[in-house]
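The values are calculated or read from the model by the stated rules, or taken from the named source; none is laboratory data. Bear in mind that the values here come from a model prediction, so they are computed numbers and not experimental data. Cβ placement follows ideal geometry from the backbone for every residue including glycine, while neighbour counts extend to all protein chains displayed. For accessibility, only protein heavy atoms count, side chains too; no ligands or nucleic acids. Shrake-Rupley method; radii C 1.70, N 1.55, O 1.52, S 1.80 Å.
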Amino acid sequence: MKITQHCAVSIHYRLTDEKGELIEDSFTSEPMLYLHGAENMIPGLESELEGKVAGDKLEVTVNPDNGYGPYHDGLRQEVPLSAFGDIEDIVPGMRFIAETEMGQRPVQVKEVRDDVVVVDGNHPLAGQSLSFSVEVLEVREATAEEIAHGHIHAHGSCGGSDHEHNHEGGCCSEKEDQPAKEGCDGNGGCGCKH
């Protein structure tokens with residue numbers, strides 16, 4: 001079966017940045033499951049998977065416009081340490097949700113200086129070309145429930161309408177300038193209750 005709109009797809013992938021440094025590798029863990037055509041992954045990779053079948057292997061380079069978008073200098077800001085209230089031990093790498101003109105946005109601490117914290121609201125991969133090595137493992141028709149929910153249910157993981165499930169592995173890899181889909185945690189996983 002070819003990958004088309006509303007197919008349930010399982011892939012393994014290896015992601016490297018422009019310098020060739022490894023960012024993610026599903027080959028050493030669980031494959032990624034996604035609903036094709038539901039904007040569950042970056043557009044550049046999804047478009048390259050269109051029409052592929054189980055067993056296909058491909059090398060894909062995705063430019064920033066079809067990945068996590070361009071880097072916006074205005075999303076890197078210096079914030080007074082006092083704005084963090086009672087939070088102690090703020091260190092680079094910590095993530096917070098900030099109120100911005102565009103609504104709530106995840107930010108990452110880049111630097112802490114005296115009374116100032118430098119935060120960045122860009123996706124960590126914004127502005128970068130990304131290279132993927134992909135192997136298509138399985139392609140099947142999605143169920144009506146999966147289509148309605150906008151994501152794939154792992155084999156046997158969603159037994160009833162009250163069942164809770166958490167899908168990891170890039171399910172909600174939305175673009176940085178778009179809000180997370182309902183039920184998505186914005187970090188690649190879905191914390192969904194149905």
| Label-to-label distance, nm, for residues given as M1 and D89 (7 Å Cα→Cβ offset) | 4.9
| query | Roughly how much of F27 is accessible, in Å² to the nearest 10, using a 1.4 Å probe? | reply | 70
| message | Between T28 and S131, what is the label-point separation in nm under the 7 Å Cα-to-beta-carbon projection? | response | 1.8
